[in-house]
Amino acid sequence: MNASQPARFDLLETPLLRGTSLLEASAGTGKTYAIAGLFVRLILEADLSVHEILAVTYTEAATAELRQRIRQTLVNALKTFSGQPTDDGFLRALVEKHAAAKAEMTSRLERALGCFDQAAIYTIHGFCQRTLQDRAFESGALFDVELVTEQSAIMREIAEDYWRKHFYAPRWSAGLRHGTTEAQQQHAVPEAGAPSNIAVRFILKNGFMPEKLLGLFKQCVNHPFLKFHSRVEGKSLDELAHALEQTFNDAREEWKRDKKTIRSLFGSHAGWGNKPYNRDDEMAEHFERLEVCFSATDSDFESLDALEVFRASAIAAGVAKKSKSPAPRHKFFDLCEQLAEAEADFLAALQLDFARFAQDELPRRKQRLKVRSFDDLLMNVYRALQSDAGNALAETLRGKHKAALIDEFQDTDPVQYEIFRRVFAGGKSFLYLIGDPKQAIYAFRGADIFTYMQAANKAERRFTLGENWRSEKKLVEAVNTIFHRPQKPFVFDEIRFDPVVAKARADKEPLLIGGEKESPFQIWFYEREGKSISKIEAEKRLPQIVAGEIARLLNSDARIGDRALKPEDIAVLVPENKHAQLMQDALRAVNVPSVLHTADRKSVV
């Protein structure tokens with residue numbers, strides 16, 4: 001089968017084959033049910049014990065739910081094989097399929113339930129932690145290390161230490177005002193050869209304070225395979241700082257030498273430029289800021305923005321279309337252009353230098369503190385599998401777990417995928433990767449779309465669950481229509497949209513408003529005269545409109561089947577947490593209770 005063309009997955013009849021099978025499941029298509037069904041089939045048809053089947057998902061709550069669902073499916077299967085009637089069509093068909101070996105199948109299910117407490121159902125971090133504990137010698141793991149759930153305090157300390165070590169000195173008044181506390185000022189000692197006041201001013205101008213360095217640090221931790229490519233590779237930070245300072249001084253000298261001529265090239269009389277170059281008042285302000293910028297004693301960094309206006313490229317882009325005169329030229333403009341390039345090079349080198357310092361320093365500090373994080377669990381297993389003892393460790397894990405069911409695979413990052421691939425791919429084990437490819441685009445949730453694409457290309461088999469059991473038929477048809485119209489709705493060939501068929505369970509208990517069914521998919525347009533709605537107005541008005549509609553539904557005769565519509569039946573998705581709070585405030589104003597579910601600043605709520 002071509003891995004890029006998924007076939008429909010039949011939970012009963014699709015053969016259980018060793019190697020990698022990618023099972024793509026949209027929301028509502030019975031993903032968890034399929035995992036539980038696969039678990040039962042592996043018990044019955046591959047004669048595996050419960051501890052030989054590894055099931056992995058991504059949160060503690062999901063792990064508990066998956067464990068309960070698998071166990072209940074085993075219980076229901078045993079009841080069905082024992083002759084009890086069931087409404088579950090899959091279990092009825094399973095009994096018919098194995099009718100000739102009914103006694104043996106019943107015995108296998110009884111054994112599975114008898115030792116279900118040994119079932120290997122973990123979060124990904126739980127699996128890695130168990131691996132490091134059980135295979136300490138193969139993995140090289142230490143015994144006396146504490147697992148910490150949060151390492152941001154250590155990371156912040158490293159970022160602040162880097163700042164103090166490299167950029168703090170008493171003579172840098174701007175740094176004192178904007179970058180350090182009194183305690184830091186009293187105890188910090190500048191490193192020999194640290195950048196001058198000029199370089200630090202450019203650092204402050206671009207906001208490269210400890211907080212911004214910490215943001216870069218988090219990216220490095222979240223993406224351990226991240227590689228930096230820059231034209232400054234091989235050049236030292238001191239060298240680039242010196243080049244920046246030299247170019248700044250050259251520009252300052254040129255301004256002082258010929259400022260009168262430079263001023264004469266701009267303003268309403270010049271006639272060649274667009275705004276701001278043709279505005280006397282705006283140019284006067286820029287000239288004034290240049291004076292501040294080039295002051296020998298001033299440490300203000302905000303005035304450095306004025307240099308951007310006088311870059312040769314900015315001036316060339318500012319020529320009016322109807323102008324018959326070319327852009328003015330002057331050595332000062334060329335120096336401002338060179339200064340911008342020197343600034344970019346210096347900042348790139350600063351980030352490279354900090355990233356390398358931070359990546360080296362973090363494991364050293366954690367080793368000294370005898371702690372490790374959840375990310376370390378993954379990386380330690382990954383490194384162990386890449387080491388000289390990696391083959392032995394992989395073989396040991398394959399011997400212990402002959403099958404692996406990886407739930408929510410769309411959220412897998414490169415480290416996690418490499419662990420699963422190294423251990424279970426290659427045809428010796430049953431490896432099922434189960435997830436929704438459309439959700440692989442959610443990087444804020446840890447997903448890596450290119451990891452999913454790599455897995456899709458390498459899988460021996462690719463399947464899709466084609467029946468939606470959750471939503472109304474009309475809603476499924478609407479979603480199919482929207483995403484099936486574009487040839488590549490998710491840009492990449494590996495991220496496909498496969499239409500699903502509604503099994504119409506929801507239609508048996510539809511949402512009725514005043515006894516009538518409304519369209520289950522509706523798009524609202526905010527009508528407004530004149531220009532588009534502003535962000536401020538949107539954040540004020542739209543939550544109120546949504547809250548009003550929710551209140552209308554709850555206070556009307558809206559019913560789902562035989563019962564009244566409840567607040568917990570309604571979910572509101574917003575882009576950011578701040579919008580969730582605005583939405584909750586709007587609901588509170590109309591006396592509708594609500595609960596926020598958030599993970600971080602960019603969570604979908």
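The values are calculated or read from the model by the stated rules, or taken from the named source; none is laboratory data. Note that the structure is a prediction, hence the values are computed from the model and not measured. Counting neighbours? That spans all protein chains shown, and the Cβs are built from the backbone with ideal geometry, glycine included. For the accessible areas, the whole protein counts, side chains as well, though only heavy atoms, and no ligand, DNA or RNA atoms are used. Shrake-Rupley method; radii C 1.70, N 1.55, O 1.52, S 1.80 Å.
Of the residues Phe287, Phe301, the single one that is in contact with a Leu (Cβ under 7 Å, 6 or more places away or on another chain) and either farther than 19 Å from Ala342 by Cα or open to solvent by less than 30 Å² (accessible area, probe 1.4 Å) (or both) is Phe301. Of the residues contained in segment 65-72, one or more are found to be assigned to a helix (DSSP H, G or I), open to solvent by less than 30 Å² (accessible area, probe 1.4 Å) and in contact with a Ser or Thr (Cβ under 7 Å, 6 or more places away or on another chain).
Screening Glu341 against (1) closer than 25 Å to Lys205 by Cα; (2) open to solvent by less than 50 Å² (accessible area, probe 1.4 Å) leaves a single unmet condition, (2). For segment 402-427, a residue qualifies if it is under 24 Å from Glu65 (Cα atoms) and within 18 Å of the chain's Cα centre (by Cα), and the qualifying residues are Asp407, Glu408, Phe409, Gln410, Asp411, Thr412, Asp413, Gln416, Tyr417.
The sole residue among Leu11, Leu17 that is in a loop (DSSP other than H, G, I, E, B) and in contact with a helix residue (DSSP H, G or I) (Cβ under 6 Å, 6 or more places away or on another chain) is Leu11. In summary, Gly207 fulfils each of the numbered conditions (1) more than 17 Å from His166 (Cα to Cα); (2) in a loop (DSSP other than H, G, I, E, B); (3) not basic (Lys, Arg) with the single exception of condition (1). Residues in segment 1-41 that are β-branched (Val, Ile, Thr) and farther than 26 Å from Leu113 by Cα: Thr20, Thr29. Of all residues in segment 544-564, none satisfies being assigned to a helix (DSSP H, G or I), farther than 24 Å from Asn591 by Cα and without any contact (Cβ under 8 Å) to a residue 40 or more places away in the chain. The residues of segment 1-28 that are at pLDDT 90 or above and at positive phi amount to a single one, Gly19.
Filtered by the rule that a residue be in a helix (DSSP H, G or I), under 22 Å from Glu13 (Cβ atoms) and of a type in the set (S, T, N, Q), segment 73-116 gives Thr73, Asn76, Thr80, Thr106. Within segment 325-345, the set of residues being free of Cβ contacts under 8 Å to residues at least 40 places away in the same chain, assigned to a helix (DSSP H, G or I) and not small (Gly, Ala, Ser) comprises Phe333, Asp334, Glu337, Glu341.
Scanning segment 48-61 for residues that are in a helix (DSSP H, G or I) and closer than 21 Å to Val423 by Cβ turns up Val50, His51, Glu52. Taking the condition open to solvent by less than 30 Å² (accessible area, probe 1.4 Å), assigned to a helix (DSSP H, G or I), closer than 30 Å to Leu214 by Cα and in contact (Cβ under 8 Å) with a residue 24 or more places away in the chain, does Ala251 pass? Criteria not met by Ala251. Given the conditions (1) over 28 Å from the mean Cα position of the chain (by Cα); (2) open to solvent by 30 Å² or more (accessible area, probe 1.4 Å), which single one is not true for Gln359? With (1) over 28 Å from the mean Cα position of the chain (by Cα); (2) open to solvent by 30 Å² or more (accessible area, probe 1.4 Å) applied to Gln359, the lone miss is (1).
Each residue in segment 466-478 was checked for being part of a loop (DSSP other than H, G, I, E, B) and open to solvent by 20 Å² or more (accessible area, probe 1.4 Å), and 4 of them qualify.
Of all residues in segment 95-115, those that are more than 10 Å from Thr80 (Cβ to Cβ) and among the aliphatic types (A, V, I, L, M) have Cβ atoms under 8 Å from Cβ atoms of residues that are open to solvent by 60 Å² or more (accessible area, probe 1.4 Å) and part of a helix (DSSP H, G or I), 6 or more apart or on another chain, in Leu113/Arg71.
In segment 508-532, the residues that are under 24 Å from Ala558 (Cα atoms) reach residues that are of a type in the set (Ser, Thr, Tyr) with C-beta atoms within less than 8 angstrom, at least six apart or across chains, in these pairs: Ile513/Ser556; Gly514/Ser556; Pro520/Ser471. Checking the conditions here, which among Leu512, Leu553, Leu573, Leu542 is open to solvent by less than 40 Å² (accessible area, probe 1.4 Å), under 25 Å from Ala478 (Cβ atoms), at pLDDT 85 or above and of a type outside the set (Ser, Thr, Tyr)? Every option except Leu553 fails the conditions.
Residue count for segment 576-600, restricted to those that are under 32 Å from the mean Cα position of the chain (by Cα), of a type in the set (A, V, I, L, M, F, W, C), farther than 30 Å from Lys508 by Cβ and surrounded by 14 or more Cβ atoms within 10 Å (Cβ to Cβ): 4.
Out of Thr481, Thr451, I need the residue that is of a type in the set (Val, Ile, Thr), assigned to a helix (DSSP H, G or I) and surrounded by 16 or more Cβ atoms within 10 Å (Cβ to Cβ). Which one? Being of a type in the set (Val, Ile, Thr), assigned to a helix (DSSP H, G or I) and surrounded by 16 or more Cβ atoms within 10 Å (Cβ to Cβ) holds for just one of Thr481, Thr451, which is Thr451. Within segment 484-502, being surrounded by 20 or more Cβ atoms within 10 Å (Cβ to Cβ) and more than 21 Å from Ser21 (Cβ to Cβ) holds for one residue alone: Ala502. Listed by position, the helices (runs of 4 or more DSSP H) enclosed by segment 368-448 that each have at least 1 residues that are open to solvent by 30 Å² or more (accessible area, probe 1.4 Å) and either β-branched (Val, Ile, Thr) or touching a Pro at 6+ places or on another chain (Cβ under 7 Å) (or both) are 390-400. Hey, does segment 90-102 have a residue that's of a type outside the set (A, V, I, L, M), modelled with pLDDT of 95 or more and open to solvent by less than 10 Å² (accessible area, probe 1.4 Å)? Checked against the condition, which is being of a type outside the set (A, V, I, L, M), modelled with pLDDT of 95 or more and open to solvent by less than 10 Å² (accessible area, probe 1.4 Å), segment 90-102 yields no hits at all.
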